[in-house]
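No value in this document is a laboratory result; all are computed from the given coordinates. In this text the structure is predicted, and so the values were computed from the model without any measurement. Heads up, the Cβs are rebuilt from the backbone with ideal geometry, glycines too, and the neighbour counts pull from every protein chain shown.
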Amino acid sequence: MSAATAQAPPAETLPRADSADVALLLEGTYPYVAGGVSSWVHQIIRGFPELRFALIFIGSLAKDYGRMRYELPANVVHVEVHYLFERTTVPPIQTLHGDAEIFEKLERLHEYFRAPQAHGANEALLGELVGELNGRLDHDQFLYSEAAWQFILQQYRQYCTDPSFVDYFWTVRTMHAPLWVLSRICESMLPVRAFHSVSTGYAGFLGAMLKRRYGKPLILSEHGIYTKERKIDLFSAQWIADTRSVFQRDPTELSYFKQMWIRFFEAFGKACYDAADSIIALYETNRLRQVADGADPARTRNIPNGISLATFGPLRHQRPPVIPKVLCLIGRVVPIKDVKTFIRAMHSVVQRMPGAQGWIAGPEEEDPGYAAECHALVESLSLGDSVKFLVFQRLTDLLPKIGVVVLSSISEALPLVLLEGYAAGVHGISTDVGSCRQLIFGLSEEDRALGASGRVVGVADPQALAAAAIELLGNEAEWRSASAAGIQRVEKYYTQDLMFASYREVYEKALLAPAGRPPGGPAENGANAKSGVCPVAQGKRQ
């Protein structure tokens, strides 16, 4: 792990080991970011104390992360921290011709990612190119070779609909530069028995590289669909150039460079799906989305999140006899959580239910600009006495004090916070995203017979959210009925024990699998083995 690509926060000693059982590939999440996915990772590690875990953390820039937000369990024996956009020493400028054969293969791989079904499986080709990132396709060749220049020119002339070649050239460079960082991560990987990525994206593509290089099993667990979440981010991204004139722009059409980034992440996802032995979704809709995006249905399955009843069940007895008129949004203060809709809903709630409180419990450092806008919105609506920003809170302290958990998100998967609230006797109001409708109304006929454990409202609809909150908090019989349904639902379908039993099957299958020879590389897994290709981690995951 080179100093240019990996860096521990000051005064933090990271554990090191010569080997591990499972390498967790973590993009912008545990252990440096608190929230749903990180909580799940911590839960999985603690749930399998007999396994030795290595954490491979991939972040954007060192300044984006502080200290660890979790105390590492004893069975975390190795931690690496890599920042993909840190400044590194640029190779000296030199004249290079480049290898035409390599770039011909690269063009065929691009064609495959653009239209996988039309160009057939290219898993072996990906494996070959992975092995060349430190050889005929090294960083020097990418930056300075005549073959690379001609390749970029050809792609621009054939596909680009934006008139700016300069923007195209630098977009290509920005996109691909982290491949060589990930190549070095792969090259220095400690010996493990299996790889487990918690997303596609950069971590997932690293998983594909590692699988091709070492032949060890790759497990993929997707909480949200990474490509979908990146599309949401890219739709509103201001840092991507759009050089079209005001007359050329169609508000219903993304700029070419945004489309490039979307295709880039779609290609990462396809590569990870092709390489993964087990592809796990939290619920059926996302599993079907994985299949639509190229995952082999035979390798997909659903394993819903589960929570510790022993931790959250006793909180029911700490609740006051009177239902607290407190709505609490538990989550990061970032645009995807749509905190502004929650604040606007609180404006209606306090007008109709004086004394009601809206709490926002989650870290604000990920997007300080958005957090500042949320604080300003509270002030502009004169809600300073009614809406409180609590930053990060222990759920076991928070849940007994609130009347309803609120999710106003524009995207979710299967949110742990709803299940934790249920176990503590607190029902939820959620936007109609991810599996939230399933969690609130039930999935099977037997599940639905338990009743509604809250309310579902439309995305970005503060009036509907306010009306649902007033209906539940203003009617004790409705509130207690929803609370009882939530308790029964979580106890029957979403316990930690059920989740651990399913993952035990996955881990046993992976760890007992005989090592095979991967396409495009040898099967041995050693600290100094040669390695391959990959993309980059942007931002943080919840």
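For this structure, a couple of remarks:
- Taking the inverse of the mean reciprocal distance over all distinct Cα pairs, the Kirkwood hydrodynamic radius of the range 309-493 comes to 16.2 Å.
- Cβ crowding within 10 Å, taken as a proxy for footprinting-reagent exposure, orders ILE58, ILE93, ILE279, ILE262 from fewest neighbours to most as ILE93, ILE262, ILE279, ILE58.
- Here the spin labels are modelled as points 7 Å beyond Cα on the Cα-Cβ line, and at ALA292 and ASP64 they lie 2.8 nm apart.
- Calculated from backbone phi, Karplus (6.51, -1.76, 1.60) coupling profile of the range 187-197 in Hz, x at Gly/Pro: 4, 9, 4, 6, x, 9, 9, 7, 10, 9, 9
- Taken one residue at a time, the phi angles of the range 428-444 give Karplus couplings (6.51, -1.76, 1.60, θ = phi - 60°) of x, 10, 9, 5, 7, 10, x, 9, 4, 4, 4, 5, 8, 10, x, 9, 7 Hz. Gly and Pro are set to x.
- Under the Debye formula (equal points on every Cα, no solvent term), log10 I(q)/I(0) of the chain at q = 0.07 Å⁻¹: -0.42
- Diffusion coefficient, µm² s⁻¹, Stokes-Einstein with Kirkwood Rh over alpha-carbon pairs of the range 356-401 at 25 °C and 0.890 mPa s: 214 µm²/s
- Residues whose amide H falls under 5 Å from that of ARG52, counting only those 5 or more places apart or on a different chain, are ASP21, VAL22, with hydrogens built in the peptide plane.
- Using equal-weight Cα scatterers in the Debye expression, the normalised intensity of the range 290-354 in log10 at q = 0.16, 0.18, 0.20 Å⁻¹ is -0.91, -0.96, -0.99.
- Shape of the range 460-509, Cα gyration tensor, a/c cut at 1.5: oblate
- Placing +1 on the Cβ of every Lys and Arg and -1 on the Cβ of every Asp and Glu, with no other charges, gives the range 433-503 a dipole of roughly 80 debye about its Cα centre.
- Calculated on the Cα set of the range 428-473, radius of gyration then Dmax: 10.9, 32 Å.
- Working from label points 7 Å from Cα in the Cα-to-Cβ sense, the HIS110 to ASP432 distance is 4.2 nm.
- For TYR30, the residues 5 or more places off, or on other chains, whose built amide H falls under 5 Å of its own are SER38.
- For SER444, neighbours were defined as the other residues whose beta-carbon sits under 12 Å from its Cβ, and their charges (Lys and Arg +1, Asp and Glu -1) total -1.
- LEU84 long-range amide H proximity, modeled H, under 5 Å: GLY59, SER60, ALA537
- Across the chain, Cα pairs under 8 Å and at least six residues apart give a relative contact order of 21 percent.
- Percent of Cα pairs exceeding the 18 Å cut-off, where the set is the range 132-180: 29 percent
- Computed about the Cα centre, the dipole magnitude for the range 309-493 is approximately 460 debye when only Lys and Arg (+1) and Asp and Glu (-1) carry charge, each at its Cβ.
- Rounded to the nearest 20, the size of the Cβ-charge dipole of the chain about its Cα centre is 740 debye, with Lys and Arg at +1 and Asp and Glu at -1.
- With respect to the chain, whose longest principal axis is taken over its alpha-carbon atoms, helix 36-47 is tilted by about 80°.
- Ranked by the mean number of other Cβ atoms within 10 Å of their residues, highest first, the peptides 206-219, 439-452, 308-321, 39-52 fall in the order 206-219, 39-52, 439-452, 308-321.
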